[in-house]
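None of the figures in this text is laboratory data; all of them are computed from the coordinates on show. All values derive from a computational prediction rather than experimental measurement. Glycine also receives a Cβ, built like all others from the backbone with ideal geometry; neighbour counts cover every protein chain displayed.
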Amino acid sequence: MAKKKQIKNEVVHFDPCPDKDGDFAYIAGYTPGGAPYGVRWEDVGIDHELPFEEKVRLYMDQMKNRADTLPVDDVEELPFD
């Protein structure tokens, strides 16, 4: 009889904000020395002294509001059929 593979149960932690940290609302990348760079919380109008979860909530609300108000041009024709 073939042996059955034993499946190892692992806990996977989902990070909903992998591109954010305490200093940055959006981390665009890292310098060769490992320092992050990107958009700081102050740049998007959020107080950097708020708790991280509150900053993320406010930022996500901003992004949702922007997405809801973006103009959609239904008149523009697509260059293909």
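Just the Cα atoms of region 24-69, one point each, no solvent: what log10 I(q)/I(0) does Debye give at q = 0.30 Å⁻¹? The calculated log intensity ratios at q = 0.30 Å⁻¹ are -1.05.
Give me the one-decimal nm value for the distance between modelled label points at E54 and R40, 7 Å along each residue's Cα-to-Cβ direction. If labels sit at E54 and R40, their model points lie 1.9 nm apart. Across region 24-69, Cα pairs under 8 Å and at least six residues apart give a relative contact order of 27 percent.
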